[in-house]
Each structure stands twice: as C-alpha cells, then as structure tokens.
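Taking it in order: structure first as structure tokens, then the write-up.
The values are calculated or read from the model by the stated rules, or taken from the named source; none is laboratory data. The structure displayed is predicted, hence computed values, not measured ones. All Cβ positions, glycine included, derive from the backbone under ideal geometry; neighbour counts span all protein chains shown. Only protein heavy atoms, including side chains, enter the accessible area calculation; ligands, DNA and RNA are left aside. Shrake-Rupley method; radii C 1.70, N 1.55, O 1.52, S 1.80 Å.
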Amino acid sequence: DSSGFAYGSATLVLVGGPGGAGAAGASGGNGGSASATNGITGATQDKLFMTQTLTGGWGGNSSGGSSAGRGGDASASLTDTFTSYRQITLNNTVNGGAGGTLDLSANPNPALQAGAGGNATMQVDYSTSSVTLLNDSTNGGAGGTGTGAKGGSGGSAISSISLSAKFPVESGYKPSLG
C-alpha cells in the first residue's frame with residue numbers, strides 16, 4: 001500500500017457437518033454445531049480487518065422415516081481489548097443450520113414434524129481506542145419442509161453486542177460543536 005499504513009487481516013470460517021440422510025424409513029441425522037470463543041484476533045499498528053463466519057450443519061433429510069435431522073447450532077463469542085490500532089473492522093456472521101426435510105408422501109402422518117432449524121448465538125464484548133466498524137448478522141436456521149408431515153420450527157437468533165470506545169484526543173485538537 002502506497003499510503004504507508006500497515007494492514008492486518010484475519011479470517012475464521014467454521015461449518016458444522018451435515019446430518020446424514022435417512023432412506024427407506026430411516027430417520028435423518030442431526031447437523032453438527034459450529035462454535036468459537038475468541039476464535040479470531042489480530043495484530044498490526046494501523047488497520048485491522050477481522051471476519052468470522054460460523055454456520056451450523058444442515059439436518060439430514062428423511063424419506064418415510066419418523067423424523068428428519070435438526071439443524072446444527074452456531075455460536076460465537078468474542079471478548080477482547082483492542083488499543084493500538086488506528087481502525088478496526090470486525091465482520092461477524094452466525095447462522096444456525098437448516099432443519100432436514102421429512103417426506104411422508106407415501107404414508108402421510110400429520111403428527112410428525114420435519115427437522116427444526118438450529119439456533120444462532122453471538123456475543124461481542126470489547127473495548128477499543130480506535131475507530132471501529134462493526135458488522136454483525138445472526139440468523140436462526142430455517143425449519144425443514146414436511147410433505148405429509150408438519151414443517152419444522154425455525155431456529156432462534158440471539159445477539160448481544162457491547163462496545164466501549166475511547167478515542168484519544170491528539171495534542172491541539174479542538175472538537176467542533178457547531
């Protein structure tokens with residue numbers, strides 16, 4: 001970069017494994033979870049770009065079985081103090097896995113239900129003395145489709161963000177109040 005700034009970046013991507021499909025009357029398996037606690041960090045003297053994406057695995061589908069798989073949960077927690085950067089950009093995306101489909105078209109049973117979507121939870125708690133750009137997206141997984149059965153429930157999405165920012169005042173700086 002010709003501006004003379006030092007840049008740093010870090011990326012974390014976690015995806016839970018999909019549940020196995022159940023055929024000929026077998027049930028689908030549950031999707032795997034994806035979880036990270038302080039899974040991403042970085043160091044530079046100027047600008048820091050960090051991205052983390054977590055997605056729960058899809059629930060397994062079932063054809064003629066008694067249940068489809070539940071989508072996997074996804075959770076991310078980031079607690080840190082960033083003090084020596086000029087600018088921080090933090091992008092977080094947490095997605096619960098989709099529930100599996102349940103196909104009972106050959107022998108409908110409205111008492112049975114397709115797989116539920118996985119839950120998504122994100123907690124960000126950090127303090128900084130830098131300009132901060134924070135982009136967060138938390139999405140519960142979609143419930144599975146039921147054919148001859150009830151559709152699955154969607155997963156919940158919970159996000160908690162706490163940011164404490166103190167910006168240093170440079171010598172001679174006078175804020176404009178007009």
Check your understanding: Which whole-number value in Å² is the accessible area per residue of the range 76-165, probe 1.4 Å?
Key -> 43 Å²
Check your understanding: Where does each of 93-102, 61-70, 154-163 land if you order them by average Cβ count within 10 Å, highest first?
Key -> 93-102, 61-70, 154-163
Check your understanding: Amide H of Gly151: which non-local residues (sequence gap of 5 or more, or other chain) have their own amide H closer than 5 Å, using H built in the peptide plane?
Key -> Ala114, Gly146
Review point. Hey, any idea what % of the range 1-56's accessible area is carbon plus sulfur with a 1.4 Å probe?
Key: 51 percent
Review point. Quick one: if the Förster radius is 41 Å, what FRET efficiency do Ser66 and Thr37 give, using the C-beta to C-beta distance and rounding to 0.05?
Key: 0.70
Check your understanding: Points 7 angstrom from Cα along the Cβ direction at Ser127 and Lys150: gap in nanometres?
Key -> 4.8 nm
Exercise for review: Taking amide H positions as placed in the peptide plane 1.01 Å from N, state which residues far from Thr89 in sequence (5 or more) or on other chains have amide H under 5 Å from it.
Suggested key: Leu48, Phe49, Met50, Leu133
Study note, to complete from the structure: Expected vector for the range 94-108, Karplus 3J(HN,Hα) from phi with 6.51, -1.76, 1.60 and θ = phi - 60°, integer Hz, x for Gly and Pro, equals 10, 10, x, x, 6, x, x, 7, 10, 9, 10, 4, 6, 8, x
Check your understanding: Tell me, what ³J(HN,Hα) does each residue in the range 61-75 have, in order and in whole Hz, if you take phi through Karplus 6.51 cos²θ - 1.76 cosθ + 1.60 with θ = phi - 60° and put x for Gly and Pro?
Key -> 7, 9, 10, x, x, 8, 7, 9, x, 7, x, x, 7, 9, 9
Review point. Tell me, Kirkwood radius of the range 58-151 from alpha-carbon pair distances, in Å?
Key: 15.0 Å
Check your understanding: From largest to smallest, what semi-axes in whole angstrom does the range 4-101 give when each is the square root of 5 times an eigenvalue of its alpha carbon gyration tensor?
Key -> 40, 10, 7
Study note, to complete from the structure: Interchain or sequence-distant (5+) residues whose placed amide H lies within less than 5 Å of the amide H of Thr55 are Leu14, Val15, Gly16, Asn95
Check your understanding: When ranked by the protection proxy of mean other Cβ atoms within 10 Å per residue, highest first, what sequence do the peptides 51-57, 105-111, 6-12 form?
Key -> 51-57, 6-12, 105-111
Exercise for review: Starting at the first residue of the range 86-91, write each ³J(HN,Hα) from the Karplus equation 6.51 cos²θ - 1.76 cosθ + 1.60 with θ = phi - 60°, in whole Hz, x for Gly and Pro.
Suggested key: 7, 8, 10, 10, 10, 10
**Study point:** Ellipsoid equivalent to the range 101-159 - semi-axes via the Cα gyration tensor, in Å
**Key:** 40, 8, 5
